[in-house]
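Trainee: Can you keep this structure in mind? I'll have questions shortly.
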Amino acid sequence: MDIETYSKLALRTAPEGYTHRDNVIHAALGIGGEAGEILDHVKKAAFNNRLLDHEHLVAEVGDLMWYLNLLVSALGTTWGHVLSVNIAKLEARYPDLKFDAERSLNRDLAAEKAAMESV
């Protein structure tokens, strides 16, 4: 399934009647909660001698995506735009298209902003 199809299908289950502000807050709190669930599962696998349950993590990533999708929609944009902006920022940060620790620490924020605004 492509991301734009997912977006449309997932938004069918979003609450109706919320204000823009409500949707942004709902999405942001949900993102934090789901990220916390992922972190907790990984923590327990790392330090409490539990198995890393990939199926459980896939389900949690799906829940995280639902909230991210709600935020993308609330911001009035599309996944295509969000992803294009992210790639533009990464290409400005890593001109060789490879991770570089020095460039990750000493970023040219003006160049990154200009690249993102050009999308």
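Trainee: P(r) tail for the stretch 1-57, what percent of Cα pairs lie past 16 Å?
Mentor: Value for the stretch 1-57 (Cα pairs over 16 Å): 62 percent.
Trainee: Helix-derived [θ] at 222 nm for the chain: sum -39500 (n - 2.57) over DSSP H runs of at least 4, divide by residue count, nearest 500?
Mentor: Here the helix-only value at 222 nm equals -24000 deg cm²/dmol.
Trainee: Sticking with this structure for a sec: How would Val24, Val58, Val42 line up by accessible area, probe 1.4 Å, largest first?
Mentor: Val58, Val42, Val24
Trainee: Sorted by accessible area with a 1.4 angstrom probe, largest first, how do Leu83, Leu97, Leu9, Leu57 fall?
Mentor: Leu97, Leu83, Leu9, Leu57
Trainee: Further question on the same structure: Would you rank Ser7, Ser118 by solvent-accessible area, highest first, keeping every protein chain in place and using a 1.4 Å probe?
Mentor: Final ranking, largest accessible area leading: Ser118, Ser7.
Trainee: Right, next: Against the globular-protein guess of 2.2 N^0.38 Å, express the Cα radius of gyration of the chain as a ratio, rounded to two decimals.
Mentor: Cα-based Rg divided by the globular estimate yields 1.29.
Trainee: In the stretch 28-83, what GluC sites (Glu not before Pro) fall in a loop by DSSP, with at most 12 other Cβ atoms inside 10 Å?
Mentor: In loop regions of the stretch 28-83 (DSSP not H, G, I, E or B), there are no sparsely surrounded GluC sites (Glu not before Pro).
Trainee: Further, regarding this structure: What aspartates and glutamates does Lys113 reach when the alpha-carbon gap must be under 17 Å and sequence neighbours fewer than 8 apart in one chain are set aside?
Mentor: Cα-Cα hits under 17 Å: Glu91.
Trainee: Could you tell me the center-to-center distance, by alpha carbons, between the stretch 74-119 and the stretch 53-69 in angstrom?
Mentor: First find each Cα centre; the distance between them is then 25 Å.
Trainee: A further question on this structure: Using the Cα centre as the reference, give the magnitude of the dipole from point charges on the C-beta atoms of the chain (Lys, Arg: +1; Asp, Glu: -1; all else neutral), rounded to the nearest 20 debye.
Mentor: So the magnitude is around 180 debye.
The values are calculated or read from the model by the stated rules, or taken from the named source; none is laboratory data. Here the structure is a predicted model, which is why all the values come from computation and not from measurement. For neighbour counting, all protein chains shown are included, and Cβ atoms are generated from backbone atoms with ideal geometry for every residue, glycine included. Remember, those area values only see protein heavy atoms, side chains included, never the ligands or the DNA or RNA. Shrake-Rupley method; radii C 1.70, N 1.55, O 1.52, S 1.80 Å.
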